[in-house]
Each structure stands twice: as structure tokens, then as C-alpha cells.
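Encoded as C-alpha cells, the structure appears first; notes follow it.
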Amino acid sequence: MKVLVTTPTGKVGSEVVRALGAKNVARRLALRDVSKAPAGEEAVAFDYLRPETWDAALEGIDRIYLASVGDQPADPEKAFVDLAVSKGVKRIVKLGAAGIENTDVPLRQVERHIESKGVEWTFVHPTWFFQNFSTAMAGGIKAGTLAEPVGDRWTAFVDARDIAAVAVEALVVDAWVGQILTLTGPDMATRAQFAAEVSRQLGREVRFQDLTDEQFRAAFGPYLPTSYLELLSALYGWVRAGATEFVTDTVERVLGRKPIGLERFVAEHLEVWR
């Protein structure tokens with residue numbers, strides 16, 4: 001078995017690499033800039049928009065952890081899947097997002113294409129990542145404010161380490177073939193509750209500031225590509241509509257343990273916000 005890991009420096013992909021390493025599973029990292037690969041890892045230059053990079057990435061590969069940025073069009077990834085299957089790839093574990101099953105977003109278009117190819121598949125559908133707070137939102141939290149356009153709606157945030165662990169199980173264990181695995185953390189919380197827990201553990205106030213969609217677009221529009229801004233706006237709209245207010249037991253079923261929760265995540269990331 002040899003696994004191709006796409007987006008291996010991303011929030012989940014980097015944890016997939018670590019988890020495969022812990023299981024001594026042979027792997028190849030596919031990324032745009034091979035200089036960013038972790039030391040000791042086999043890496044190859046790869047870009048969904050450069051088909052000339054695909055053959056080398058797939059040589060000797062029989063399983064793929066497939067991920068892409070959320071606003072990427074479906075067609076390049078679908079073409080890559082076609083080549084992968086033609087070259088003997090037997091299993092694809094695709095990272096999607098909770099709630100896309102009945103939509104026609106590009107992520108779901110790719111999943112339906114994979115289903116049509118006769119290859120073994122598992123689709124991993126996480127809700128919002130805890131790690132958003134320790135990366136993109138970290139600067140605001142460090143300055144004392146978590147600002148998002150979500151109101152007082154609830155989300156069972158999930159840790160990227162749990163997402164990756166589930167994806168790796170799906171890569172190496174047959175039990176999860178043909179399933180959509182919807183992942184959440186163990187408990188729901190509002191953004192205000194998240195800020196309160198950070199405040200408690202830091203020993204200083206971090207407040208939650210609710211934004212309107214218009215305020216969000218005005219604040220972040222100058223810094224984000226239009227396609228990504230539209231994606232985030234839609235995702236926040238799902239939160240405001242209550243679409244993230246659910247908890248699943250999938251992480252526990254797959255891994256045999258409880259998922260990482262709010263208190264632990266905050267405790268392990270305090271230095272990011274000091």
C-alpha cells in the first residue's frame with residue numbers, strides 16, 4: 001500500500017501525514033512547492049491546474065487522500081481522478097464538508113464523479129475546524145476579539161487531528177468503504193462560549209463580536225479572492241440558519257475514543273493567543 005497525500009501542508013493534510021507515519025504507511029506528498037515538505041518525506045511537485053505534474057505523483061500509488069481548497073472548480077480534480085483510476089488507484093478518501101450531500105457545490109460534484117468510477121471511496125465530511133481559531137482567527141483572538149457573522153448559533157467544532165485520524169482509518173481499513181463520515185466534536189458551543197473558554201484559560205477577556213454578512217464582506221473582502229469570500233459567506237450563512245447544530249458519534253465509532261473537545265483544544269493552543 002502507498003498513499004498519495006494531497007494538500008499535505010494544510011490543517012488536515014499535515015495531520016494525515018503524521019498519522020500515516022505513526023502507522024508506518026508508505027506515502028508520497030503532493031504539493032506545489034516541494035521545499036515545504038517535512039524533512040524525510042517523499043514529495044513531488046503537484047498542481048491540479050498543471051496536468052503535466054499528475055503522472056509522477058501517481059506512479060506506484062494505490063490509495064489517495066484527496067483534498068483541495070473549497071473554492072476550486074470541480075473539473076480539474078475530476079480529470080485527476082480519471083487519470084488516477086486509469087493508473088490503478090483502488091481507493092480514494094475525499095475530504096468534503098458537513099452538509100454538502102444534497103448540494104451541487106464543487107466538492108460534491110467531485111464526490112459524485114468518484115462514485116461513478118467504480119473505485120473504493122470514503123467521503124469525510126467535517127463540520128467547522130477548531131483550528132480556524134488557532135490560524136486564521138488567531139490574530140483577532142490575541143488582540144481580544146473573535147469576530148464572525150454567526151450570531152448565537154451553535155456548532156460542534158471538530159479538531160483537525162480527529163479528522164485526519166478518521167481519514168487515515170478510512171485509507172487503511174476496509175470497514176469504512178462506501179460511507180460518508182460526518183464528523184463533529186463531542187459538544188456544541190457558540191462562538192461566545194468559545195471566547196469565554198479562551199478568556200477563562202488565558203486569564204484575560206476575549207470577547208465575541210457578531211458581524212452582519214455585510215460587515216464581514218467589507219472587513220475581509222480586500223484580503224480574500226472573490227471566490228473564497230463567497231464560499232465563506234455561504235458557509236457562515238449555513239451557521240446562521242442552524243445547519244451546524246448537531247452532534248455525531250462518528251469519530252468515536254471510527255477511532256474507539258471520544259473526539260477532542262473545547263476545553264482540551266483551548267488548553268493546547270493557549271500560546272497562540274498570548
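Per the listing 241, 234, the residue uniquely of a type in the set (A, V, I, L, M) and either under 19 Å from residue 138 (Cα atoms) or over 18 Å from the mean Cα position of the chain (by Cα) (or both) is 241.
Which residue is modelled with the lowest pLDDT, if the candidates are limited to segment 26-55 and must be among the hydrophobic types (A, V, I, L, M, F, W, C) and open to solvent by 60 Å² or more (accessible area, probe 1.4 Å)? Checking each candidate, the answer is 39. Could you grab me the full set of residues in segment 100-112 that are within 11 Å of residue 180 (Cβ to Cβ) and either more than 18 Å from the chain's Cα centre (by Cα) or open to solvent by 30 Å² or more (accessible area, probe 1.4 Å) (or both)? Result: 101, single match. Of everything in segment 129-141, what is buried (at least 23 other Cβ atoms within 10 Å of the Cβ) and either over 28 Å from residue 206 (Cβ atoms) or out of contact with any helix residue (DSSP H, G or I) (no Cβ under 6 Å at 6 or more places or on another chain) (or both)? Give them in sequence order. Selection gives 133 alone.
Check segment 9-19 and report whether any residue there is under 20 Å from residue 162 (Cα atoms), touching a helix residue (DSSP H, G or I) at 6+ places or on another chain (Cβ under 6 Å) and open to solvent by less than 10 Å² (accessible area, probe 1.4 Å).
yes
Any residue in segment 26-34 that is in contact (Cβ under 8 Å) with a residue 60 or more places away in the chain, under 18 Å from the mean Cα position of the chain (by Cα) and outside any loop (DSSP other than H, G, I, E, B)? Quick ask: steps written out before the conclusion?
Initial filter on segment 26-34 (in contact (Cβ under 8 Å) with a residue 60 or more places away in the chain): none.
No, that holds for no residue.
Taking the listed residues 85, 93, the one that is modelled with pLDDT of 95 or more, surrounded by 14 or more Cβ atoms within 10 Å (Cβ to Cβ) and closer than 19 Å to residue 160 by Cα is 93, with no other qualifying. Regarding residue 93, is this residue touching a strand residue (DSSP E or B) at 6+ places or on another chain (Cβ under 7 Å) and closer than 17 Å to residue 169 by Cβ? Criteria met by residue 93.
Hey, does segment 189-203 have a residue that's hydroxyl-bearing (Ser, Thr, Tyr) and open to solvent by less than 10 Å² (accessible area, probe 1.4 Å)? No, the conditions are met nowhere in segment 189-203.
Being touching a Leu at 6+ places or on another chain (Cβ under 7 Å) and surrounded by fewer than 17 Cβ atoms within 10 Å (Cβ to Cβ), is that true of even one residue in segment 166-173? No, because not a single residue in segment 166-173 is touching a Leu at 6+ places or on another chain (Cβ under 7 Å) and surrounded by fewer than 17 Cβ atoms within 10 Å (Cβ to Cβ).
Within segment 155-188, the residues that satisfy the criterion of being under 19 Å from the mean Cα position of the chain (by Cα) and among the small types (Gly, Ala, Ser) are 156, 160, 164, 165, 167, 170, 185.
The values are calculated or read from the model by the stated rules, or taken from the named source; none is laboratory data. Source: prediction; values computed, not measured. Note that each Cβ is placed from the backbone with ideal geometry, even for glycine, and that neighbours are counted across all protein chains shown. Each accessible area value is taken on the protein alone, full model and side chains, heavy atoms only, with ligands, DNA and RNA left out. Shrake-Rupley method; radii C 1.70, N 1.55, O 1.52, S 1.80 Å.
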